Amino acid sequence: MAPEAFGEFLNPDFRFLAGVAVLVVAASIGYAATPRRGIVPPLCAEAPAIDGKLDDGCWKTAAVTGGFSQFALPGKLHPEQTEVRACYDEDHLYLALKCEVAEMDKFRARMDEAKGAFRYSRGGVFELFLDVNRDRKTFQQYMLHANGTALITIDANDLLRALNDEYLRRKAVVTETGFVIEAAIPFAMLHLHPDAATTWGFNLNRVHDLYDERFDRNGFYSSWNSTAGEGFQTPEKFGDLVLEADFSPFYWNVALDHEPQPGDEEIAARVVNETGRDFSGSIVLQVGKARHEAKLAIKADAGVSIRFKHRVTIADSGARVRIGLADDDGRVRYMGGTQKEDRTPGDDREPPVPSGAERRAGLIVFRRPYTQPVLYKAVPRHDEATSQLAMVACRGEFEPITFSVYALRPIDALKVSAGDLSGPGEAKVPAEAIDVRRVAWQSDWSNPKSFEAKEHLLRHFDSLRLAEGMAQRFWVTVRVPEDAPAGRYTGTITLTADDVETPIRLHLAVPPFDLSEADGMGYFMYYPGLKHESVSNEAFLRKTVEDMRDHGMTTFTIYLWVAKKDAETGQTTIDVDEQVSETLGVTYARMMDILGEGGLGRTAPLLDVHSMNYDPDVIVGLDRICRERGWPEVLFYIEDEIDYPERIKRARKILEDIRQRSPDIRTTTALGKKGATALGHMYDVWIGCSTPEMIEMCNAKGKAPWTYSCRAVYEVSPAFERAFFGRFAWKLGLRGVSLWSYAEDSSFSDRFGRKQTYADFETFPMDWRHRYGHVVFEKDEIVPTVTWEAVREGIDDYRYMLTLKKEAEAALEGDDETAHKAARAGLRLLDEIAERTPVLSDDKKYGRAWRELGDMDADRTAVINAIMAIRGGWKKAP
């Protein structure tokens with residue numbers, strides 16, 4: 001909300017003394033002369049109109065600065081320069097940014113791509129940092145896009161700053177030579193305290209669009225006060241903003257007792273006067289359209305608890321909650337607000353009429369394919385209710401099935417247990433081989449005010465509490481014993497809700513054939529390891545390798561440094577036996593032993609990703625050591641994502657060097673069409689073949705086509721990952737498939753976008769967002785995500801299709817005409833599945849589009865039936 005609008009919300013008679021204006025910066029001084037830059041904005045007599053025109057009188061007398069340097073080169077100016085003007089009045093800081101753009105046609109096209117949304121790498125973004133107490137540790141961050149949108153991150157536990165992107169008034173205008181951003185920042189929204197300084201830590205950073213033509217951080221980022229290659233969120237490297245102002249009228253400590261929850265009869269706030277003087281004025285609370293106002297008188301350094309009678313409804317749970325203070329003269333001294341809008345999709349219908357047994361149990365059991373999300377707002381249809389679950393799985397296979405529960409009443413304790421599955425004769429699948437987990441979610445915050453819950457981790461549990469009308473999905477994985485006789489198995493999953501039992505019959509059919517291995521497919525997850533004591537050790541590496549193998553991985557990415565520089569001679573040597581990895585906790589040699597024992601690298605080469613950082617001597621030497629010790633074959637990464645001229649140049653030099661000295665070295669990298677055209681002939685494996693065109697180019701040069709996806713876990717669904725590793729790989733004829741990443745530190749963020757690491761939690765909080773990593777490490781446990789389980793299912797789809805192909809080809813070599821007919825039908829089925837599988841190269845388009853990916857369970861059943869038809873077995877899926 002703009003400051004004027006906030007004034008109207010407080011009271012029709014309240015007025016702001018100052019208007020609104022623009023963005024900041026300091027006197028133009030060269031970086032070399034002043035390691036820490038400073039700016040001293042003047043006090044302005046009249047506020048600017050925030051219209052992006054910069055024709056107000058205050059801008060003529062404002063402090064002016066520029067000289068934005070390249071990201072890691074403090075002494076080198078960025079070619080697209082920025083001019084900044086700054087001034088202030090008693091209520092606002094005003095900033096004006098005038099940003100040069102070199103290629104306006106491309107810039108305008110990218111702005112169109114952003115479609116009015118905040119897109120960090122599309123168009124242009126300005127990042128404003130304020131360290132108001134100049135402690136060089138904390139800050140507020142405001143990101144302003146060239147299209148006028150904004151995003152904030154706040155390094156403090158202050159939920160009432162969640163609406164600051166609305167209180168910060170701004171106007172962005174695209175010009176003939178770039179763009180202008182004009183902004184007004186109310187001091188009242190900054191929530192200042194007595195430790196606020198008159199000199200603030202301050203920095204301005206700009207994100208430039210390189211139009212995906214090159215990867216160059218020095219071109220992508222520029223800074224007013226250089227962070228010398230460190231991240232922008234480095235307050236110890238901020239410059240200074242000097243404001244000769246009395247901020248004490250804005251010293252308030254305001255907090256809600258808690259965020260309003262449906263059913264609350266009142267909303268309470270704690271208000272502490274830190275201004276150093278008595279206060280008389282008004283406090284206003286607004287929840288959605290409902291407005292409450294009360295007179296407020298607080299002595300200096302005193303605090304009061306204020307309670308507003310307001311029954312919080314379901315509609316209020318996602319409404320903006322605003323709170324403001326204004327003195328008797330109408331001057332706004334505090335403006336805050338929060339919102340927790342739940343945008344999670346749900347079903348807009350009434351639940352089916354329950355049966356007598358469902359009514360007594362207080363729940364309805366229902367089932368949807370796991371490729372279709374089920375979250376707490378799901379409501380079952382009548383035809384989805386079930387008391388039976390059925391699956392087909394081969395010996396040694398991990399096979400999942402899901403069911404969900406809809407609570408008809410509050411349930412205090414819901415427990416789920418599985419018994420043995422009894423099969424032919426005395427055969428059984430023991431209960432210990434049946435893993436039951438609940439599906440938890442993560443919160444995908446589009447901003448600090450709104451989120452969408454997305455299916456995330458699969459957690460073990462003892463019991464659960466469910467609110468009335470809430471749905472909960474459960475994930476059951478059956479591991480079929482390697483020696484299980486073919487046939488039908490039956491058992492029971494028992495739900496106990498507050499001592500009332502509900503049985504679910506579980507049926508398993510084990511077919512009389514074994515599932516083919518993936519025949520040389522390079523299935524892997526990029527995994528750089530973690531510097532964490534519970535993870536960086538041999539025992540956990542073994543657990544990691546086992547988990548990868550059990551999920552169908554055939555190879556492993558190596559991020560383990562072997563180059564060692566002698567302190568006396570300066571010569572580089574290769575150490576595989578003594579140098580212990582900080583992220584894996586073992587030496588290179590020990591890692592190779594563990595990978596070999598775990599079965600990774602047997603059918604597909606390992607990938608040494610760290611080799612992109614080595615000089616040719618180390619690459620050649622390490623390759624020789626691997627061969628001499630009889631370790632699995634290693635592919636050496638030479639550069640990465642070589643679709644930029646500077647990377648192609650570096651890669652060519654290294655490739656020519658190592659090929660000349662050791663022609664048998666095998667190499668790989670991630671590449672697109674540009675990289676493939678330039679250097680594809682010099683690489684053995686191309687990682688990035690995600691289109692038929694790239695596959696054709698790769699095969700024409702006799703290379704192996706692999707691919708990968710690096711979308712965030714909240715941007716993809718189980719359906720996408722299953723299709724990506726299974727039907728899509730089959731359709732394109734890929735020989736390797738991977739994801740970024742298995743697990744990664746610094747890949748978590750809270751509601752305010754603050755980066756979190758493994759050191760910040762023991763159990764992942766559901767109100768955080770998890771960006772990269774398809775598992776989460778908690779203590780000594782590897783907790784899978786729904787997408788990680790779907791990866792295994794995709795690999796099994798591939799294996800079933802490969803099994804059908806082999807069975808069909810073998811049958812066609814025989815004399816049985818019935819088998820011939822079934823074999824030809826099976827091969828046609830494989831062609832049909834491939835034909836209707838979309839090309840998933842656009843993982844952004846298809847990441848969450850589960851409806852467009854078809855019924856993969858039905859395809860799996862059809863493939864199994866086709867195999868059995870060739871064998872003369874069952875004619876219908878069990």
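Values for this structure:
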item	result
Solvent-free Debye scattering, log10 I(q)/I(0), computed from the Cα coordinates of region 38-242 at q = 0.18 Å⁻¹	-1.38
Members of Lys454/Lys779; Lys703/Lys805; Lys674/Lys701; Lys171/Lys289 lying beyond 18 Å, as alpha-carbon distances in this model show	Lys454/Lys779; Lys703/Lys805; Lys171/Lys289
Part-to-part distance (alpha-carbon centres) for region 210-241 and region 379-394, which is given in Å	53
Rounded Å value of the spacing that divides the Cα centres of region 462-502 and region 317-342	47
Contour excess over end-to-end distance, with Cα ends at Asp412 and Asp617 and 0.36 nm allotted per residue	67.3 nm
Lys, Arg +1 and Asp, Glu -1 on Cβ, resulting dipole of region 91-133 about Cα centre, debye, nearest 20	260
For region 98-174, diffusion coefficient by Stokes-Einstein and Kirkwood Rh (Cα), 25 °C, 0.890 mPa s, µm²/s	178
Pair-distance profile P(r), taking every C-alpha pair of region 522-784, with 10 angstrom steps and integer %	7, 28, 35, 24, 6, 0
Dipole magnitude (debye, nearest 20) for region 356-510, charges at Cβ of Lys, Arg, Asp, Glu	460
Dipole axis of the chain (+1 Lys, Arg; -1 Asp, Glu on Cβ), positive-most option in Val254, Tyr120, Gln140	Tyr120
Kirkwood estimate for region 534-664, i.e. one over the average of 1/r between Cα atoms, Å	15.7
Volume per residue that the Cα convex hull of region 271-329 spans, once the total is divided by residue count, Å³	85
Which of Val174, Pro41, Gly231, positive extreme of dipole for region 38-242 (C-beta unit charges)	Gly231
Rounded to whole Å, sorted largest first: equivalent-ellipsoid semi-axes of region 577-639, Cα gyration tensor	18, 15, 12
In sequence order, calculated HN-Hα J values of region 568-573 (Karplus, 6.51, -1.76, 1.60; Hz; x Gly/Pro)	8, 8, x, 7, 9, 10
Cα-centre dipole for region 251-339 with unit charges at Cβ (Lys and Arg positive, Asp and Glu negative), debye to 20	200
Positive-pole candidate from Val713, His551, Leu655, dipole of region 522-784, charges at beta carbon	Leu655
Length-normalised contact order of region 251-339 in % [C-alpha pairs under 8 Å, at least 6 apart]	31
Region 532-616: relative contact order as a whole-number percent, Cα under 8 Å and 6+ apart	38
Of all accessible heavy-atom area on region 253-402, the percent that carbon and sulfur account for (1.4 Å)	47
Within the accessible area of region 677-735 (1.4 Å probe), percent carbon and sulfur	50
Note, ³J(HN,Hα) from phi for region 690-706, Karplus 6.51, -1.76, 1.60, rounded to Hz, x at Gly and Pro	10, 10, x, 4, 5, 4, 5, 4, 5, 5, 5, 9, x, 9, 9, x, 10
Calculated P(r) of the chain - Cα pairs past 48 Å, %	33
Long-range Cα-Cα pairs in region 207-255 (distance over 14 Å), rounded percent	67
Unpartnered cysteines - no second Cys beta carbon under 4.7 Å - across the chain	Cys99, Cys394, Cys626, Cys689, Cys698, Cys710
Dimensions (Å) - region 356-510, Cα atoms, principal axes, largest first	57, 38, 29
Rh by Kirkwood over Cα pairs, then Stokes-Einstein D for region 780-878 at 0.692 mPa s and 37 °C, µm²/s	217
Value of [θ]222 nm, deg cm²/dmol, for the chain, DSSP H segments ≥ 4, -39500 (n - 2.57) each, nearest 500	-6500 deg cm²/dmol
Percentage relative contact order, the chain, counting C-alpha pairs under 8 Å, at least six apart	8
Column: log10 I(q)/I(0), Debye, Cα scatterers of region 247-373, q = 0.10 Å⁻¹	-0.48
Unsatisfied cross-links (Cα-Cα over 27 Å) in the set Lys428/Lys806; Lys106/Lys649; Lys377/Lys543; Lys309/Lys449	Lys428/Lys806; Lys377/Lys543
Accessible surface of region 38-242, 1.4 Å probe, proportion on carbon and sulfur as whole %	49
Inter-centroid distance (Cα atoms) of region 124-145 relative to region 721-768, Å	28
Those aspartates and glutamates that a straight Cα-Cα span of less than 12 Å connects to Lys415, excepting residues fewer than 8 apart in one chain	Asp462, Asp498, Asp499, Glu501
Under 19 Å from the Cα of Lys76 - lysines, other chains or at least 8 residues apart	Lys237
Amide H contacts of Met521 (H built 1.01 Å from N, under 5 Å, at least 5 apart or other chain)	none
Full-extension gain in nm, Gln261 to Lys755, via 0.36 nm per residue minus C-alpha separation	175.2 nm
For Trp475, distant residues with modelled amide H under 5 Å away	Arg437, Arg438, Val439
Inter-probe distance in nm under a simple model that places probes 7 Å from Cα toward Cβ, at Glu501 and Asp278	7.2
In order through region 650-665: 3J(HN,Hα) via Karplus (6.51 cos²θ - 1.76 cosθ + 1.60), integer Hz, x for Gly, Pro	5, 5, 4, 4, 5, 4, 4, 5, 6, 5, 5, 8, 8, x, 8, 4
Per residue solvent-accessible surface (Å²) - the chain, probe of 1.4 Å	41
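The values are calculated or read from the model by the stated rules, or taken from the named source; none is laboratory data. None of these values were measured; they are calculated from a predicted model. With ideal geometry, Cβ positions are generated from the backbone for all residues, glycine too; neighbour counts draw on all protein chains shown. We work out accessible area using only protein heavy atoms, side chains counted, and drop any ligands, DNA or RNA first. Shrake-Rupley method; radii C 1.70, N 1.55, O 1.52, S 1.80 Å.
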